[in-house]
């Protein structure tokens, strides 16, 4: 997939808000070895590094387009690297991930794998969207399953890998230990109208669909999507509660 940093950052303050809740789950200590999985353009990785005294922080991302924007964030103790988190080896005191693992399949296998990257006594701290059953997301899957888009996508429809908080809690306990925190929170956003919802999702949710469609089909897909959003939310402004899952676990010594 090709990511567009400018499109992603159209709702920067709204997308960044969960980060402030997530970092509260970190056991802040000096001299930590830290990795940020899916660092994006690096602004939040810089904030993470600045709150961890004398720590060595590495931000990784698979998107060259996003990483191209990280240069301004580099400083001693903070570096960035292009890498797929599924190919990662090594261990860290803190494995941190803000709004990334929703793109990785099979969380029953992924969560134990991420815990393996944590040193004994260290933490895994994660936030991911869990808004996949909101109409703004359901409409995309519905349209993708209809013609001509079904043929254009070769029958592909992205199935969200996100689990319930109870399933995550079980995995964290089994593979990490009993020192864990997990909760779900709805972040309230007020958008100008239903077109604002289309703009929001075009920076994330629609990216893998548009990567597979022709330019003409992308245009028609977006037009149909906007139509359904307007029918569902004819009013202005539009209240958009975005649900997210946040969790942290300390790996048993």
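The values are calculated or read from the model by the stated rules, or taken from the named source; none is laboratory data. The structure presented is a predicted model; accordingly, all values stated were derived computationally and were not measured. With ideal geometry, Cβ positions are generated from the backbone for all residues, glycine too; neighbour counts draw on all protein chains shown.
Can you spot a residue in the stretch 232-245 that is in a helix (DSSP H, G or I) and in contact with a helix residue (DSSP H, G or I) (Cβ under 9 Å, 6 or more places away or on another chain)? Within the stretch 232-245, one or more residues are in a helix (DSSP H, G or I) and in contact with a helix residue (DSSP H, G or I) (Cβ under 9 Å, 6 or more places away or on another chain). Number of residues in the stretch 62-112 that are in a loop (DSSP other than H, G, I, E, B), touching a strand residue (DSSP E or B) at 6+ places or on another chain (Cβ under 6 Å) and either more than 25 Å from residue 163 (Cβ to Cβ) or free of Cβ contacts under 8 Å to residues at least 12 places away in the same chain (or both): the value is 2. Note on the stretch 25-47: among residues that are part of a helix (DSSP H, G or I) and touching a helix residue (DSSP H, G or I) at 6+ places or on another chain (Cβ under 9 Å), the one that is surrounded by the fewest Cβ atoms within 10 Å (Cβ to Cβ) is 47.
Given the criteria modelled with pLDDT of 95 or more, surrounded by 20 or more Cβ atoms within 10 Å (Cβ to Cβ) and more than 13 Å from residue 247 (Cβ to Cβ), does residue 94 qualify? Judged against the criteria, residue 94 is a match.
When only residues in the stretch 48-81 that are under 24 Å from residue 122 (Cβ atoms) and under 17 Å from the mean Cα position of the chain (by Cα) count, which is surrounded by the fewest Cβ atoms within 10 Å (Cβ to Cβ)? My answer is 62. No other residue among 52, 22 is more than 17 Å from residue 119 (Cβ to Cβ) and either at pLDDT 95 or above or not in a helix (DSSP H, G or I) (or both) apart from 22.
Among the residues of the stretch 116-164, those that are touching a strand residue (DSSP E or B) at 6+ places or on another chain (Cβ under 6 Å) and either modelled with pLDDT under 95 or closer than 20 Å to residue 240 by Cα (or both) comprise 127, 128, 129, 130, 131. Residues that are surrounded by fewer than 14 Cβ atoms within 10 Å (Cβ to Cβ) number at least 2 in the following helices (runs of 4 or more DSSP H) confined to the stretch 113-188: 135-144, 165-175.
For residue 232, indicate whether it is out of contact with any strand residue (DSSP E or B) (no Cβ under 6 Å at 6 or more places or on another chain), surrounded by fewer than 17 Cβ atoms within 10 Å (Cβ to Cβ) and either within 23 Å of residue 130 (Cβ to Cβ) or at pLDDT 95 or above (or both). So residue 232 fits the description; yes.
For the stretch 202-220, the criterion of being under 30 Å from residue 118 (Cβ atoms) and more than 19 Å from the chain's Cα centre (by Cα) is met by no residue. Residue 17 meets the stated requirement of being touching a residue at least 40 places away in the same chain (Cβ under 8 Å) and within 27 Å of residue 201 (Cα to Cα). Considering 206, 163, 171, 213, the condition of being over 19 Å from residue 17 (Cα atoms) and out of contact with any helix residue (DSSP H, G or I) (no Cβ under 6 Å at 6 or more places or on another chain) is satisfied by 206 alone.
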